[in-house]
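Right, one structure below, let's go through it.
The values are calculated or read from the model by the stated rules, or taken from the named source; none is laboratory data. Source: prediction; values computed, not measured. Because the Cβ atoms are built from the backbone with ideal geometry, glycine has one as well, and the counts that use them run over all protein chains shown. Remember, those area values only see protein heavy atoms, side chains included, never the ligands or the DNA or RNA. Shrake-Rupley method; radii C 1.70, N 1.55, O 1.52, S 1.80 Å.
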Amino acid sequence: MKSEDFELFSTLVKQRSGLILTADKAYLLESRLFPVARKHNIKSLEDMAQVLRARREETLMFDITEAMTTNESFFFRDQKPFTLFQKTLLPKLLAARVDKKQIRIWSAAASSGQEAYSLAMVCVEEAVKLQDWRVEIIGTDISREMVNRAKSGIYSQFEVQRGLPVTHLVKYFQQISGDKWQIKDSIRQMVQFREGNLLTDFSAAGPFDIVLCRNVLIYFDLPTKAHVLGSIAGVMQPDGFLLLGGAETVLGISDKFKIVSGEHGLYVKAESSYEAVA
Amino acid sequence: MKTCLIVDDSRVIRKVARQILEALGFACDEAENGQAALDVSKAKLPDFVLLDWNMPVMNGLEYLNAMRKMPGGSKPVVVFCTTENDINHIQEALGSGANEYIMKPFDADIIRGKLEQLGLI
Ligand SMILES: C[S@@+](CC[C@H](N)C(=O)[O-])C[C@H]1O[C@@H](n2cnc3c(N)ncnc32)[C@H](O)[C@@H]1O
């Protein structure tokens with residue numbers, strides 16, 4: 001690929017999503033953009049760059065950006081955050097929100113929905129404590145394809161074996177064909193999925209008690225990370241909780257949050273009184 | 001070192017599973033059907049059994065039922081690993097005391113994930 005074409009595509013993707021594509025990712029760009037070119041009846045990536053230079057066609061730009069997202073996810077990913085949710089965060093909120101009896105959770109960059117549905121399954125396991133409570137779980141992602149997959153709640157045999165205990169599979173899924181499983185309606189109804197861009201779109205509208213923003217900041221540059229963390233802080237309750245992925249942190253990036261000592265991946269707002277180290 | 005018994009009538013599957021489990025730190029033994037697995041188990045119960053369902057001589061479910069009745073037989077963690085992938089089989093396995101269930105084809109990630117969940121690694 002010509003370097004000015006690479007430049008054009010990577011700048012477009014960065015502007016629209018924050019995703020950084022360094023020159024060593026040229027092969028990735030090529031392999032993922034070929035299908036987009038084909039879909040738009042464009043012969044080559046060179047031609048596709050020409051089309052974009054001539055006019056900024058929205059559907060083409062959308063498809064290019066979507067194609068460059070990495071959507072890997074699995075149920076109960078890293079286990080620990082979900083144990084933390086069940087054993088620590090939920091009990092804290094059950095005490096703190098006893099008047100309103102409402103908890104709102106946001107799975108930001110939800111991909112195909114496993115994270116949000118894992119939370120929903122935990123809530124069902126804790127149903128006794130949550131009687132009369134209203135728990136809202138909202139999942140957003142920039143990728144339309146992923147949002148639609150998440151809404152369908154349909155997963156392959158491979159996907160339902162990664163992270164999901166088989167007892168949960170039997171309890172919360174129905175088998176719709178040999179190797180396709182669908183999450184049951186009762187769980188599906190607990191979660192809402194929508195398209196949403198972390199750079200621009202905070203209409204998923206807080207305030208949230210818990211935000212999970214996991215395994216997406218790693219793809220952004222420092223200013224973008226800071227910007228996104230700042231926006232998240234803006235839609236979080238003062239005593240809310242933020243969960244990041246294992247390779248992500250707020251340290252040295254945003255002063256809106258502080259880490260919670262002894263709980264890797266858990267953050268609270270700077271003004272929170274939750275026991276934490278600066 | 002934790003011990004593991006791999007029960008499968010396919011030598012290829014046993015070999016693949018053995019590679020994965022040895023890399024995860026298990027001392028592995030193999031058996032090609034339920035009866036052979038029962039003989040091994042009578043000599044010494046393993047910590048963990050990776051168990052195929054359909055095998056000649058004695059199938060996996062029969063082995064599980066017999067093994068669970070042995071003294072100390074409630075201890076070993078048993079994970080089915082089989083091409084039987086319908087919910088009825090899974091429920092039957094769990095009802096008979098299986099701890100987890102893997103639908104073939106499997107890979108190292110799936111085995112590792114299940115063992116982590118079960119607290120074996
Ligand atoms: C690797 S997945 C993480 C999924 C899940 N949070 C997890 O940890 O398993 C990253 C997701 O971030 C989404 N994404 C990337 N840039 C985004 C943006 N600017 N706004 C919203 N979502 C974005 C991608 O579409 C992708 O589905």
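Quick notes
- Interface size A-B, as summed buried accessible area [1.4 Å probe, Å², nearest 100]: 1400
- Separation in nanometres of the label points that stand 7 Å from Cα toward Cβ, at A:Gln86 and A:Ser156: 2.7
- Within the stretch A:203-235: backbone nitrogen closer than 16 Å to the A:Thr22 label point (7 Å, Cα to C-beta): A:218-223
- Rounded to the nearest 10 Å², the accessible area of A:His264 at probe 1.4 Å: 130
- Length released on extending from A:Leu130 to A:Ser186, taking residue separation times 0.36 nm less the Cα-Cα span: 18.7 nm
- Per-residue [θ]222 nm for the protein assembly as shown (sum of -39500 (n - 2.57) over DSSP H runs n ≥ 4, rounded to 500): -11500 deg cm²/dmol
- Surface share of carbon and sulfur [accessible, 1.4 angstrom probe, percent] for the stretch A:3-68: 53
- The accessible area of A:His40, taken with all protein chains in place and a 1.4 Å probe, comes to roughly 50 Å².
- Here the 3J(HN,Hα) profile of the stretch A:215-221, calculated from phi with Karplus coefficients 6.51, -1.76 and 1.60 at θ = phi - 60°, is 6, 10, 4, 4, 8, 9, 7 Hz, Gly and Pro shown as x.
- Positive minus negative residues near A:Arg134 (Lys, Arg vs Asp, Glu; Cβ under 11 Å): +2
- The ellipsoid that matches the Cα gyration tensor of chain B has semi-axes, each √(5λ) in whole angstrom, of 18, 17, 15, with the longest given first.
- 1.4 Å probe, heavy atoms, protein only - residues of the stretch B:96-121 losing at least 50 Å² accessible area vs chain alone: B:Met103, B:Ile110, B:Gln117
- Percent carbon-and-sulfur accessible area, the stretch B:3-117, ignoring ligands, DNA and RNA, probe 1.4 Å: 50
- The alpha carbon centroids of the stretch B:52-81 and the stretch A:1-53 are separated by 54 Å.
- In a simple Cβ point-charge model (Lys, Arg +1; Asp, Glu -1; nothing else charged), the stretch A:80-269 has a dipole of about 300 debye relative to its Cα centre.
- Placing one equal scatterer on every Cα of the stretch A:80-269 and applying the Debye formula, the log10 ratio I(q)/I(0) at q = 0.16 Å⁻¹ is -1.03.
- The candidates B:Lys75, A:Lys225, A:Lys92, A:Lys101, arranged from most to least accessible area with a 1.4 Å probe in the full protein assembly, appear as B:Lys75, A:Lys92, A:Lys101, A:Lys225.
- Straight Cα distances below 30 angstrom link B:Lys69 to the lysines A:Lys171, B:Lys2, B:Lys15, B:Lys42, B:Lys44, B:Lys104, B:Lys114, with same-chain residues fewer than 8 positions distant left out.
- Accessible surface of A:Arg194 - all protein chains present, 1.4 Å probe, nearest 10 Å²: 80
- Computed over protein heavy atoms with a 1.4 angstrom probe, the accessible surface ordering of B:Arg11, B:Arg112, largest first, is B:Arg11, B:Arg112.
- Reducing the stretch A:153-214 and the stretch B:6-23 to their Cα centroids gives an inter-centroid distance of 33 Å.
- Among A:Ala54, A:Phe75, A:Asn41 the positive-end extreme of the charge dipole of the stretch A:25-108 (Cβ point charges): A:Phe75
- The lysines whose alpha-carbon is closer than 23 Å to the alpha-carbon of A:Lys43, local same-chain residues fewer than 8 away aside, are A:Lys2, A:Lys25.
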